[in-house]
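S.K.: One structure is given below, represented as C-alpha cells, and several questions about it will come after.
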Amino acid sequence: MDSITYGTVVTTGLSFDRAIVRVRELLKDEGFGVLTEIDVAKTLKEKRGVDLQPYVILGACNPDFAYAGLQAEDQLGLLLPCNVVVSSKGGSTSVSAVNAREMLRMVGKPELSSVAGQVDDSLQRVLNRIAAE
C-alpha cells in the first residue's frame, strides 16, 4: 500500500478487467454506487491518438455521505464524486482511491471532517479487500 497526499494506492493480483468488476462490487458493499466510468486510455486514444496503459476512473458516490456533506457545504458537488482509479502497468493492476480528508480540508469547514473520515474508512476497506485478492 502506497500513500500519496491525495490518495492511497494498492496492488491487486486480479487482472485489470476483473479488478474493475470487483471494485464495483466492493464499493456497493460499502454503500457506494458508480455514477461515472471514464476509460481514460480509450478516450486519449480516440481524441489524441496516444497510447496509455489501461486506466479507468470510477466516480463513486455514497448518497448518505453526499447528503451529509452537502448539508454542511452546498457547493461540495464541485468535489464529488469520490474517484477510484483502476490501472495497469507492466502486467500489474493497481487500485487507488482519493483521500477525502485531504480533499475536503481545502473547503475549510471542520464539520466536514467527520463525513470525510467515514468516506476514507469505507474506501480504505475497499482497498484492503482488493489488495488481498
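S.K.: Pick from 125, 101: which is assigned to a helix (DSSP H, G or I), more than 15 Å from residue 22 (Cα to Cα) and of a type in the set (Lys, Arg)?
M.R.: 101
S.K.: Among the residues of the stretch 102-123, write down those that are under 24 Å from residue 10 (Cβ atoms) and touching an Asp or Glu at 6+ places or on another chain (Cβ under 7 Å).
M.R.: 122
S.K.: Let me ask you something else. Please verify whether the stretch 56-76 includes one or more residues that are in contact (Cβ under 8 Å) with a residue 60 or more places away in the chain, part of a helix (DSSP H, G or I), surrounded by fewer than 18 Cβ atoms within 10 Å (Cβ to Cβ) and not basic (Lys, Arg).
M.R.: Checked the stretch 56-76: no residue is in contact (Cβ under 8 Å) with a residue 60 or more places away in the chain, part of a helix (DSSP H, G or I), surrounded by fewer than 18 Cβ atoms within 10 Å (Cβ to Cβ) and not basic (Lys, Arg).
S.K.: Select, from 44, 52, the only residue that is surrounded by 12 or more Cβ atoms within 10 Å (Cβ to Cβ), out of contact with any strand residue (DSSP E or B) (no Cβ under 6 Å at 6 or more places or on another chain), free of Cβ contacts under 8 Å to residues at least 60 places away in the same chain and assigned to a loop (DSSP other than H, G, I, E, B).
M.R.: So the residue among 44, 52 that is surrounded by 12 or more Cβ atoms within 10 Å (Cβ to Cβ), out of contact with any strand residue (DSSP E or B) (no Cβ under 6 Å at 6 or more places or on another chain), free of Cβ contacts under 8 Å to residues at least 60 places away in the same chain and assigned to a loop (DSSP other than H, G, I, E, B) is 52.
S.K.: Something else about it: Determine which member of the set 93, 36 is at pLDDT 95 or above and surrounded by fewer than 18 Cβ atoms within 10 Å (Cβ to Cβ).
M.R.: Of the residues listed, the single one that is at pLDDT 95 or above and surrounded by fewer than 18 Cβ atoms within 10 Å (Cβ to Cβ) is 36.
The values are calculated or read from the model by the stated rules, or taken from the named source; none is laboratory data. Quick caveat: nothing in here was measured; it's all calculated off a predicted structure. Counting neighbours? That spans all protein chains shown, and the Cβs are built from the backbone with ideal geometry, glycine included.
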